[in-house]
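The values are calculated or read from the model by the stated rules, or taken from the named source; none is laboratory data. The structure presented is a predicted model; accordingly, all values stated were derived computationally and were not measured. Heads up, the Cβs are rebuilt from the backbone with ideal geometry, glycines too, and the neighbour counts pull from every protein chain shown.
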Amino acid sequence: MDTHPLDAHRPATHLLDTQRRTQIFEVSTLYGAATLAAALDTGQFGPRAEARRILLVSNNAEIPETALRLDAMTGYDRIAARFDEVIDWNEAIRPNHPGSWGPRTDEAPLWQRAFRTAWGLSSAPVELIVESIQVNPAQALAAIFAESPVQVYADGLMSYGATRDELPQQIACRIQRLLHLDLVPGLRPLLLSEFGVEPELVPDDAFRKVLAEIAEAAAGDQQVTQAIEAAPTALLLGQYMAALGIVTAEEEEDLHVRMLRGAAAAGHRSVIFKPHPTAPARYSLALNEAAAETGVKLTVLDGPLLAETFYERCRPQLVVGCFSTAMLTAAVYYDIPVARVGTEMVLERLTPYENSNRMPLVIVDHLVPDLEQGQTPAVPGAGPDTLEPLVRAVGYCMQPNLHRGLRDEVVGLLHDRRGDDSTGRYVPPARLTELDLPGAAPPGPAARLRRTLVRGRRG
């Protein structure tokens, strides 16, 4: 029988101390795993000897069987070595999909018993460390291990936004802290703040060391060697917006072309294009044609590598993206100037308003220079005084029922900014009308009904 790729990190169950405290770390991305590794290295989860550590790997892609596996990413083995065991969550719940499956309430104790047996947990106390607590698989784990304390870690800009959905009280009351990276120095996350959960920073130097460790694992990699030989001065970041239904595939391809033309106009003659690791494969004829037209040498690198590996190895002078977290990583951890393309279009398209991608979009749009408008790429550093009030206002407008205490502050801000065109860029008049906020459009009958309902909920 073939050995599963993750089994290399799975010790024999009978060798485990089944009464020792067990920490289960749920991950779906190498970037998130690197965040956890940095927190482990700085002792934020206690001494290693005091707990058995399980890395629970989940592939949340729409079709996991066709997506790049986490254990195929360069540098994964170095991260996995920090854990006592690695378990494949997709295999554990097969044939269910990790993004949609959760136990029925009456079946949760049976699932816990099954996993305790399969994973050799016996009656040991369990701690959960999860990402994206508002969705599965984190919620499924929290429901199954219903008595376990929960810690949440955030691996990107979404941590600065409001919690996407109202959490069940039986989960919310168990959340002990939110670990996050300082991607916008000084900005405090809104995520889980409605429950009084305190954010805790993962130290910059620890995370930078982990990224360097992952990059070291890429020494001799053919694609990295190819990139170094191309002597690139700019790196373009692809995302997976078409797969999420935010834009069409053609529009996303055009966005990449706009990034390349913007880099060319800024004087860059050798450019790397790095697709997102979980984006569907798509050959970009248009991008190659644009490179030929502008006289730019284009290197497309679609291997199992973090963008940060290229920052470490190739030292580009510019990173261009739409609203990727990797843009802020380039600026904060590598001091690389960044520029944005296409945020205004995506802000207009993004639905519903409470979509979790909105806050990363707002932050990047507010902080990062627009390459197509001729603005000079820069390292943003700490956010301006306008950023935190904006984040709080957008967070309230995304989830007004979770952040009722922010309403007076948001009303005051909107009063002060009347006539400022940028307000509508981030909170359109229709949303202001729905929430009965300053700057709203004159309401019609349907809007008046929505206002009444919103006021009733606030009351």
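Just need a number here: residues in segment 49-65 that are of a type outside the set (Gly, Ala, Ser), more than 14 Å from Thr29 (Cα to Cα) and touching a residue at least 24 places away in the same chain (Cβ under 8 Å).
Final tally of qualifying residues: 5.
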Checklist entry - Quick check, is Ser100 at positive phi and polar (S, T, N, Q)? => result no
Checklist entry - Somewhere in segment 224-237, is a residue modelled with pLDDT under 95, within 22 Å of Asp77 (Cβ to Cβ), surrounded by fewer than 18 Cβ atoms within 10 Å (Cβ to Cβ) and of a type in the set (Val, Ile, Thr)? => result yes
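Conditions (1) more than 19 Å from Cys322 (Cα to Cα); (2) not assigned by TED's automatic domain parsing to the domain that holds Leu236, marked per residue:
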| site | (1), (2) |
| --- | --- |
| Asp335 | no, no |
| Thr343 | no, no |
| Arg358 | no, no |
| Ile363 | no, no |
| Pro380 | no, yes |
| Arg392 | yes, yes |
| Asn401 | yes, yes |
Next on the checklist: Please pick out the residue among Ile246, Ile272 that is aliphatic (A, V, I, L, M), crowded, with 19+ Cβ neighbours inside 10 Å and either without any contact (Cβ under 8 Å) to a residue 24 or more places away in the chain or under 16 Å from Met327 (Cβ atoms) (or both).
Outcome noted: Ile272
Next on the checklist: Just to check your reading of the model, which residue among Ala118, Ala67 is among the aliphatic types (A, V, I, L, M) and within 30 Å of Ala217 (Cα to Cα)?
Outcome noted: Ala67
Checklist entry - Can you find even one residue in segment 369-380 that is among the hydroxyl-bearing types (Ser, Thr, Tyr), at negative phi and either at pLDDT 95 or above or over 20 Å from the mean Cα position of the chain (by Cα) (or both)? => result yes
Checklist entry - What residue, among those in segment 249-259 that are farther than 16 Å from Ser324 by Cα and hydrophobic (A, V, I, L, M, F, W, C), is surrounded by the fewest Cβ atoms within 10 Å (Cβ to Cβ)? => result Ala249
Checklist outcome for this item: Within segment 110-125, residues being more than 15 Å from Glu91 (Cα to Cα), among the hydrophobic types (A, V, I, L, M, F, W, C) and surrounded by fewer than 14 Cβ atoms within 10 Å (Cβ to Cβ) number 1
Checklist entry - Here is a list of conditions, (1) more than 14 Å from the chain's Cα centre (by Cα); (2) touching a residue at least 40 places away in the same chain (Cβ under 8 Å), and Leu30 meets all of them except one; can you say which number that is? => result (1)
Checklist outcome for this item: Among helices (runs of 4 or more DSSP H) completely within segment 139-229, the ones holding 2 or more residues that are in contact with a strand residue (DSSP E or B) (Cβ under 7 Å, 6 or more places away or on another chain) are 222-229
Item to check | Those helices (runs of 4 or more DSSP H) lying entirely in segment 44-125 with at least 2 residues more than 30 Å from Glu312 (Cα to Cα) and among the aromatic types (Phe, Trp, Tyr) | outcome: 108-118
